[in-house]
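Following: one structure in structure tokens, then a few remarks.
All of the numbers you see were taken from the coordinates with simple rules; none came from a lab. Computed from a predicted model, the values in this text were never measured in an experiment. Here the Cβ is made from the backbone with ideal geometry for all residues, glycine too, and neighbour counts use every protein chain on show.
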Amino acid sequence: MPSSSSVMVTGLTAAALAVIGFLAYQASATVPAELGGPRASASPSPGVSGAPGASGASGAPRDKRHPEALPRRSGTGERVVYSVDDDRVWLVGAGDRVQRTFRVTPSTVDPAPGTYAVTSRSKRVTGSDGVPVEHVVRFTSVDGVVIGFSAAVDGSTEKAAPGAKTGGIRETRADGDAMWDFATIGQKVVVVR
């Protein structure tokens, strides 16, 4: 007859494996289809249709007279739209209404155009450049560099040092507050050129 401690260890191991299996299933079941494919490269080609979640948004036309206007073909529904060429973000609510738009300081590593989802958030951490940041909203990674929006605690929005591989797209603290309130886990993020 097995000892009670070995039965307990076996039971705890089985329970832990069941929890891990459930969490893995839950994570895979909630990941949008476009995130399940290959990751973006650090130097995507404009208009690549094979980019993660490419939805025709890569070459979204701009109204040059109104740079704050939401890019056409940038998706539908509630979403965050990020233009890597214009260094601008739009928080788009119900009915495709822009709730807020603002300029950002880009990271040194750009995500490929496509549709993503917010995968994690942190209230306050140290950025990959060593700067304390708050309201971190992450949505993808490129070659091991995690990409997301954040605001420096000291309010700075300087560009990262040349040659550094950073994924933090910097916002002002006020814009970071707005992003934090809007972009919860699973929120759609559309990246356009």
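With a cut-off of at most 16 other beta carbons within 10 Å, and DSSP calling the residue loop, which chymotrypsin sites (Phe, Trp or Tyr not before Pro) in region 128-182 qualify? Please list them.
Sites meeting the loop and neighbour criteria: none at all.
Using a 7 Å offset from the Cα along the Cα-to-Cβ direction at both SER120 and ILE185, what is the distance between the two label points in nm, to one decimal?
So the label points at SER120 and ILE185 sit 1.2 nm apart.
Name the long-range amide H neighbours of ILE147: under 5 Å, sequence gap of 5 or more, or other chain; modelled H, no Pro or chain starts.
PHE139, THR140, SER141, VAL142
So for the pair ASP96, THR157, with labels modelled 7 Å out along Cα→Cβ, what separation do we get in nm?
Label at ASP96, label at THR157, 2.7 nm between them.
If I stretch the segment between ASP85 and SER141 completely, what's the gain in nm (0.36 nm per residue apart, minus their alpha carbon distance), one decimal?
Stretched out fully, the ASP85 to SER141 stretch lengthens by 18.3 nm.
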